[in-house]
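Undergrad: Would you mind keeping the following structure in view while I ask a few things?
Derivation of every value follows stated rules applied to the coordinates shown; laboratory data play no part. Computed from a predicted structure; not experimentally measured. Because the Cβ atoms are built from the backbone with ideal geometry, glycine has one as well, and the counts that use them run over all protein chains shown.
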Amino acid sequence: MSDAASNYLENKLLDHTLRYSTAPYTGAGTVYCALFSGTAATVLTALESGTSSTSGSGNWGFYEITSASAYARQAITFGNAASSGAISNTATVTFPVATSDYTNTAASGSTVTCLAIMDASTAGNVLFFGQITVSKQVSSGDQFTISSGNLTVQLA
């Protein structure tokens, strides 16, 4: 996955580092992995914006897989300390078996092209996001998984 920090997180980290006494940032106790379908460039632009509305192409909520197929964001664990500016998941992330083909409000198909690390199980804020290396179509009966160590977040 190529990755980037959202505008939201970039601002929080800058404030936390350079203005801690007036703007400390407390991270989420649990972070979640969210899946998105659509043309990767379009989805990435929406994820960068940080706007969660489910209506309109400029909003990441428009591209997130809907719960109609039994999809739900899954908690993701980064149990080891970051090293060389990177950190990887330390446990396999297993999404529920799809009860129907994945879809989203944008009706952009069942192929997962991007993912994001979020600070909440629903709604919330995008922290990091990126295009997955190999897009994956998720049809009824399929299950999307991310093996331990296969999702790396790196600061440039």
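Undergrad: Residues of the range 87-109 with the amide nitrogen closer than 13 Å to a label point 7 Å from the Cα of Thr145, along Cα-to-Cβ, please.
TA: In the range 87-109, the label zone of Thr145 (backbone N under 13 Å from the point 7 Å along Cα→Cβ) covers 91-97.
Undergrad: Then there is this: Taking N as the number of residues in the range 2-154, what is its Cα Rg relative to 2.2 N^0.38 Å?
TA: That works out to 1.03 for the range 2-154.
Undergrad: Next question. Expressed as a whole percent, how much of the Cα-Cα distance distribution for the range 45-97 exceeds 15 Å?
TA: 64 percent
Undergrad: Helix 40-49 versus the longest principal axis of the chain: what is the Cα-based angle in degrees, 0 to 90, to the nearest 10?
TA: Result, in degrees: 40.
Undergrad: Between helix 7-18 and the chain, what is the angle of the helix's C-alpha long axis to the longest principal axis, kept within 0 to 90° and rounded to the nearest 10?
TA: Helix 7-18 sits at roughly 20 degrees to that axis.
Undergrad: Across every pair of different alpha-carbon atoms, what Kirkwood hydrodynamic radius in Å does the range 115-156 reach?
TA: 12.5 Å
Undergrad: While we're on this one: How would you rank Phe62, Phe129, going from fewest to most other Cβ atoms within 10 Å of each one's own Cβ?
TA: Fewest-to-most ranking of Phe62, Phe129: Phe62, Phe129.
Undergrad: Quick one: if the Förster radius is 35 Å, what FRET efficiency do Ser83 and Ala107 give, using the C-beta to C-beta distance and rounding to 0.05?
TA: In this case the efficiency is close to 0.30.
Undergrad: Can you give the local net charge around Gly58? Use residues other than it whose beta-carbon is closer than 15 angstrom to its beta-carbon, Lys and Arg +1, Asp and Glu -1.
TA: -2
Undergrad: Within 13 Å, Cβ to Cβ, of Tyr32, how many net charges do the neighbouring residues add up to if Lys/Arg are +1 and Asp/Glu are -1?
TA: Neighbour charge sum, excluding Tyr32 itself: -1.
Undergrad: List the residues, sorted by chain then number, that are 5 or more residues from Val31 or on another chain and whose placed amide H is less than 5 Å from its amide H.
TA: Result for Val31 returns Ile76.
Undergrad: Relative contact order (percent) for the chain, with alpha-carbon contacts under 8 angstrom and 6 or more residues of separation?
TA: 31 percent
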